[in-house]
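Comments concern the structure below.
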Amino acid sequence: MIRSGTALGALGSLLDRSLVQIAEASADARTYDRRTINEVADVWDNNTFPLFDAATARISVGRERRARAALAWMAELGSERRRWMVEQAEAAGHPLERLLSPPVARPLRTRDYRGHVTLPFMPLTADAALELATDYDLAAAEVRSLLIERVGTRLTGSLVLVAPRRYDGGAQAEDPPELHLRLEDVTDVRFDSDDRRGAVLRCRAAETVIEVGAGGRLRATSGTVYLDDPAWRLSTAGRAADQRTPPREKRPRRTPERRRPRPEGAALVAARLVHIVMLEIRVAGYATHYADRIPVRLLAGALVGAGTDILAAGALRGGRRERAFRDLVETWIENGGPALAPWFTDELRQVASSELLPDTTRGWIEEVTAQRAALPYLGTEQDLDPPLEAELRLAEYTAAHTRNRTPRDSSAVVVLAHPPTGQGSPSRCWRLRVLDVDDVSRFRLRSDAFGGSHELRTDRETVGQESLVLGRDSLDVRGRRSRR
């Protein structure tokens, strides 16, 4: 039993809470929260092995010391990460604030290694809108991409505008700048890909409105903007920021994670599996194309309670520790059931072939995987035809363009939640379905497309071209549907 208030207990609880959050965010396709899934799984890219490192130290003092170091490393990524850590550890009964060093205030603007002033994310305010209109010709801007998504119960958005500079960008002006606008609590959407030239930003205290073309509109309560413009330092705003930003100091980089020997035997196998599971879940979180391919809920459910179990196994010594980690891995496979057993088998074989393991551990892996068939990738069964009824979770449009001398075709992604189809109990859970569309010639979207369940129609217009229409034309996409 790990006492409340210890760094080790807090560290283990963060993994437990992460799995709970991911499971809740993926439990129902109608409230699927891709952002939470991505952000929480991303925590464990660089923190899985520090957790195992702390759990397997020889004595309790060493475990606590390593856990404190791991928590400090985790919290250094930024204020949002630190806030998440404190909230989740508190929810698990492990007060964390007193175990962390006081947060360090970060300057609004800094300089890069060349001494050039850097551009941070900025809140979308009236001043920010004026600053953007001063340096970029918004009347000549074009929409490069639009993404509107239901995140849990909220509607969020992302808009990328390409706008000509009003200043001389010099040698770095080959590609036009991209204005990345992120919108929170979107309340109104009207967009037509045939009407995507020209933009007006109207920002007030409680409302942000972006007008696009002659009739397009995005309305939200707040937002942020980031400029992908390597020449920004030469703009009016950039030159003013350069005058206010002190010279770059030679300060140490983020303290590197202490290099320790990797866990051994079954502990190493368990660490690799946790890391791989989190990476797999993160793919579903950041890549819209994979939302329906990776069974996030099953993966998180297979590892439920892993943080507490890892600490308990790590506290043992010698053969008892090896046995405990083997039992833990086998429990995860059992929790995953028949749907995940082939995937676990494949990953265990990959670990055995890529890691230096004792012969006894390698023999155990051979026994565990002997009766199971391996698959080349993790996937879920896909239907060939779209559902007849669905709720819209995400709609994304990307215009044809060239960036960094690389041409890219127009495309669209539609993520739907739909009731179970075919034979079976009507109580079965709704499922996610992703529809990819290439060579998009029409993309029209209104916010009422996200208002509950709608009829979904597909109309084949020409050979290779068809339309996807949701509800009363609240979503209308025409192009070549990809057969994934």
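Taking region 435-484 on its own, how many of its residues are small (Gly, Ala, Ser), in contact with a strand residue (DSSP E or B) (Cβ under 8 Å, 6 or more places away or on another chain) and open to solvent by 20 Å² or more (accessible area, probe 1.4 Å)? Before you say what the answer is, go through the steps one by one.
Here is the first cut: in region 435-484, the residues small (Gly, Ala, Ser) are 441, 447, 449, 451-453, 464, 467, 471, 474, 479, 482.
Checking the rest, the ones that are also in contact with a strand residue (DSSP E or B) (Cβ under 8 Å, 6 or more places away or on another chain) come to 441, 447, 449, 452-453, 464, 467, 471, 474, 479, 482.
Still in the list and also open to solvent by 20 Å² or more (accessible area, probe 1.4 Å): 441, 447, 452-453, 464, 482.
Number satisfying all stated conditions: 6.
Can you find even one residue in region 17-26 that is open to solvent by 10 Å² or more (accessible area, probe 1.4 Å) and over 23 Å from Val415 (Cα atoms)?
Yes, that holds for at least one residue.
How about region 48-98: which helices (runs of 4 or more DSSP H) wholly inside it have at least 1 residues that are free of Cβ contacts under 8 Å to residues at least 40 places away in the same chain?
So the answer is 60-75, 79-91.
Which residue out of Ala126, Ala91 is in contact with a Cys (Cβ under 9 Å, 6 or more places away or on another chain), open to solvent by 40 Å² or more (accessible area, probe 1.4 Å) and not acidic (Asp, Glu)?
Ala126
Counting only residues that are open to solvent by 10 Å² or more (accessible area, probe 1.4 Å) and of a type in the set (A, V, I, L, M), which one in region 295-312 is farthest from Asp436 (Cα to Cα)? Show your work before the answer.
Just the residues of region 295-312 that are open to solvent by 10 Å² or more (accessible area, probe 1.4 Å), to begin with: 295, 297-298, 301, 304-305, 308-309, 312.
Restricting the remaining residues to those that are of a type in the set (A, V, I, L, M) gives 298, 304, 312.
On the way: Leu298: 24, Val304: 33, Ala312: 45 Å.
Among them, the one singled out is Ala312.
Within region 184-205, is there a residue that is acidic (Asp, Glu), at pLDDT below 90, touching a Ser or Thr at 6+ places or on another chain (Cβ under 9 Å) and surrounded by fewer than 17 Cβ atoms within 10 Å (Cβ to Cβ)?
There is no residue in region 184-205 that is acidic (Asp, Glu), at pLDDT below 90, touching a Ser or Thr at 6+ places or on another chain (Cβ under 9 Å) and surrounded by fewer than 17 Cβ atoms within 10 Å (Cβ to Cβ).
Name the single residue that is modelled with the lowest pLDDT among those in region 425-444 being polar (S, T, N, Q) and assigned to a loop (DSSP other than H, G, I, E, B).
It comes out as Ser425.
Identify, from the list Ala374, Ala324, Ala390, Ala352, the residue that is of a type in the set (A, V, I, L, M, F, W, C), over 30 Å from Ser145 (Cβ atoms) and at pLDDT below 95.
Ala374
Could you please give the count of residues in region 145-165 that are in contact (Cβ under 8 Å) with a residue 40 or more places away in the chain and either open to solvent by 30 Å² or more (accessible area, probe 1.4 Å) or assigned to a loop (DSSP other than H, G, I, E, B) (or both)?
Number satisfying all stated conditions: 4.
Look at region 79-88 and say how many of its residues are within 15 Å of Val20 (Cα to Cα) and open to solvent by 30 Å² or more (accessible area, probe 1.4 Å).
2
Do any residues in region 3-26 that are under 15 Å from Glu87 (Cα atoms) have Cβ atoms under 7 Å from those of residues that are buried (at least 21 other Cβ atoms within 10 Å of the Cβ) and polar (S, T, N, Q), where the two are at least six apart or on different chains, and which pairs are they?
Leu14/Gln88; Arg17/Gln88
Residues to consider are Ala69, Ala105, Ala89; find the one that is out of contact with any Gly (no Cβ under 6 Å at 6 or more places or on another chain) and under 13 Å from Gly307 (Cβ atoms). Steps first, please.
Numbers: Ala69 fails: under 13 Å from Gly307 (Cβ atoms); Ala105 fails: under 13 Å from Gly307 (Cβ atoms).
Among Ala69, Ala105, Ala89, only Ala89 is out of contact with any Gly (no Cβ under 6 Å at 6 or more places or on another chain) and under 13 Å from Gly307 (Cβ atoms).
I'm trying to understand the selection: among the residues of region 27-46, which are open to solvent by 10 Å² or more (accessible area, probe 1.4 Å) and not in a helix (DSSP H, G or I)?
Ala27, Asp28, Tyr32, Asp33, Asp45, Asn46
Give the number of residues within region 313-322 that are in contact (Cβ under 8 Å) with a residue 24 or more places away in the chain and assigned to a helix (DSSP H, G or I).
So the count comes out to 4.
Residues in region 240-284 that are in a loop (DSSP other than H, G, I, E, B) and modelled with pLDDT of 80 or more: how many?
So in region 240-284, the residues in a loop (DSSP other than H, G, I, E, B) come out as 245-264.
Still in the running and modelled with pLDDT of 80 or more: 245-247, 262-264.
So the count comes out to 6.
Take the residues of region 143-164 that are basic (Lys, Arg) and modelled with pLDDT under 95: which is nearest to Arg478 (Cα to Cα)? Even if it seems obvious, please write down each step before you answer.
We begin by selecting, within region 143-164, every residue basic (Lys, Arg); these are 144, 150, 154.
Those left that are additionally modelled with pLDDT under 95: 150, 154.
Values: Arg150: 22, Arg154: 27 Å.
Among them, the one singled out is Arg150.
Suppose we filter region 111-123 for residues that are within 26 Å of the chain's Cα centre (by Cα) and either surrounded by 14 or more Cβ atoms within 10 Å (Cβ to Cβ) or not in a loop (DSSP other than H, G, I, E, B) (or both); how many remain?
Total meeting the criteria: 4.
Please return the ranges of strands (runs of 3 or more DSSP E) entirely within region 172-232 where 3 or more residues are touching a residue at least 12 places away in the same chain (Cβ under 8 Å) and of a type in the set (Val, Ile, Thr).
Those strands (runs of 3 or more DSSP E) span 178-192, 208-212, 216-228.
On the given criteria, is Trp364 more than 28 Å from Glu64 (Cβ to Cβ) and either of a type in the set (A, V, I, L, M) or part of a helix (DSSP H, G or I) (or both)?
Here the answer is yes, as Trp364 does meet what is asked.
The values are calculated or read from the model by the stated rules, or taken from the named source; none is laboratory data. It should be emphasised that the depicted structure is a prediction, and the values quoted were computed from it without experimental measurement. No Cβ is skipped: glycine too gets one built from the backbone with ideal geometry, and neighbour counts run over all protein chains shown. Keep in mind that these areas ignore ligands, DNA and RNA; they rest on the heavy atoms of the full protein, side chains included. Shrake-Rupley method; radii C 1.70, N 1.55, O 1.52, S 1.80 Å.
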